[in-house]
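The values are calculated or read from the model by the stated rules, or taken from the named source; none is laboratory data. As the structure is a computational prediction, the values presented were derived from the model and not from experiment. A quick note on method: Cβ atoms are made from the backbone with ideal geometry, for glycine too, and the neighbour counts reach across all protein chains shown. These accessible areas exclude ligands, DNA and RNA; they are computed on the full protein's heavy atoms, side chains included. Shrake-Rupley method; radii C 1.70, N 1.55, O 1.52, S 1.80 Å.
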Amino acid sequence: MPEGGVLAERESIESRPFPVTEYRTRLARVQETMARTGLSGLVVTDPANLYYLTGYNAWSFYMPQCLVVPLAGEPQLFMREMDAQGAHYTAYLPADLVHGYPEHLVHRPDRHPMSWIARRAVDVGVLDDGPGARIGVETDAAFFTVRGYRALQDGLARAQLVDALELVNWVRAVKSPLEQEKMRVAGEIAQGVMQVAIDNVEPGRRQCDVVAQIQYAQTLGARKLGGDYPAIVPMLPTGETAGTPHLTWSDLPLRSGEATTIELAGVYHRYHVPLARTVSLGRPPAELARCADAVTEGVQAALAQLRPGSTGQLVQEAFAASVGRHGYVKRSRVGYSIGIGYPPDWGERTISLRRGDLTRIQPGMAFHLILGMWMEGWGYELSEPVLVGAEGAERLAPLPQELTVKT
């Protein structure tokens, strides 16, 4: 092998967060599920799922790209030509299983790259376009557009396209031992970043100054292990806006007498551990303090129920019964499955901790138990990221479960 080839191979191996055997185990689980559900092929467009199955990791998901998984054999990657030429540095797949569509297909009103991908996938034999073929597609993936679906459909005239129903996401729900270690590192990062955030919430400081410190700490990581960029930017609703989740920040100063809710994530090798806490600058209003005490009690009830054999519904009911004794009602779900994340979301879009979700919780699953209480003109957030073990929930970022008051 030429010297450059040796160097490229070494860099490729060092860039991968898992050994090839881990990816092959994941692929086997996906292909077994495909066989059970009658799929002859699967078109994977969610960047988190591409990463899970191959290790491919780049900011290229804004362009059409996919992994085509056959019922048997190796999957193949399809993406923009300029991205394809270096995909093997992170993906375990060799360069000959990565295909790049021509640059002249980028942003064309009359053509779409998915048409090219469909034809190429059939030509190389990784997709079957026969009349009996059932091809699963990720119809709810954030970066799989309507035009992309139609172009794929036009390119597979005889096969039947069906909704894959988050097939890969469900396989991802139970984390391997190696994945669990990634989650623990991400939890350490999240805990450290939240402490930085709490320390920097002070009267007179601009919200953007606090977020700058948060983002620096997220990248710095923990234990000399570098952090990664989060799928969601830090959220910092403040004062009256704290009653609305998912607001980000402004350049306005923080003020005494107001509370700030902070939601962020620690990220390591794309594995996300979200975390939320609330800081009151000055003595909190009586209702906020009462709500915080009720949620602290409720989180204990929910954590006790978050164990193997339980369900999302039972976890939600445990929390609801606890806070209900104090007169509070939470209408939204109390948590969801977490793991790999890419913009625009760090949730896995599978299990929700809410009424009606009867999925049995298993060891190796990970959840963000998010206990936000959003009221008219004020709000309170406390969350617990956990990894489920044989004995119950392992807290991944064990900070105090209380309202932080700065006087």
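Things to note:
- For the stretch 107-132, filtered to residues that are in contact with a Lys or Arg (Cβ under 7 Å, 6 or more places away or on another chain) and open to solvent by less than 70 Å² (accessible area, probe 1.4 Å), the residue that is nearest to Met79 (Cα to Cα) is His112.
- Of the helices (runs of 4 or more DSSP H) lying entirely inside the stretch 129-202, those containing at least 2 residues that are closer than 23 Å to Ala28 by Cα and modelled with pLDDT of 95 or more span 167-172, 177-200.
- Enumeration of residues in the stretch 13-28 that are surrounded by fewer than 16 Cβ atoms within 10 Å (Cβ to Cβ) and either touching a residue at least 12 places away in the same chain (Cβ under 8 Å) or more than 20 Å from Val137 (Cα to Cα) (or both): Ile13, Glu14, Ser15, Pro19, Val20, Thr21, Arg24, Thr25
- Being surrounded by fewer than 24 Cβ atoms within 10 Å (Cβ to Cβ) and not acidic (Asp, Glu) is a property that Gly335 lacks.
- Of all residues in the stretch 81-96, those satisfying the criterion of being of a type in the set (A, V, I, L, M, F, W, C) and buried (at least 20 other Cβ atoms within 10 Å of the Cβ) are Ala87, Ala91, Leu93.
- The stretch 49-74 residues that are among the aromatic types (Phe, Trp, Tyr), paired with ones that are part of a helix (DSSP H, G or I) (beta carbon under 7 Å, 6 or more apart): Tyr52/Arg26; Tyr52/Val168; Tyr52/Arg172; Tyr56/Leu50; Tyr56/Ala87; Phe61/Pro47
- Filter result (surrounded by fewer than 23 Cβ atoms within 10 Å (Cβ to Cβ) and more than 16 Å from Pro400 (Cβ to Cβ)) within the stretch 282-293: Gly282, Arg283, Pro285, Ala286, Glu287, Leu288, Arg290
- Some residue of the stretch 385-392 being open to solvent by 10 Å² or more (accessible area, probe 1.4 Å), aliphatic (A, V, I, L, M) and touching a residue at least 12 places away in the same chain (Cβ under 8 Å): yes
- Out of Ser256, Ser250, sole residue that is in contact with a helix residue (DSSP H, G or I) (Cβ under 8 Å, 6 or more places away or on another chain), open to solvent by 20 Å² or more (accessible area, probe 1.4 Å) and either assigned to a loop (DSSP other than H, G, I, E, B) or modelled with pLDDT under 95 (or both): Ser250
- Residue list for the stretch 66-77, restricted to those being in contact with a strand residue (DSSP E or B) (Cβ under 8 Å, 6 or more places away or on another chain) and open to solvent by 10 Å² or more (accessible area, probe 1.4 Å): Pro70, Leu71, Gln76
- Restricting attention to the stretch 216-246, the residues that are assigned to a helix (DSSP H, G or I) and either of a type in the set (Ser, Thr, Tyr) or open to solvent by 70 Å² or more (accessible area, probe 1.4 Å) (or both) total 5.
- Boolean, Arg270 is of a type in the set (Lys, Arg) and open to solvent by 10 Å² or more (accessible area, probe 1.4 Å): no
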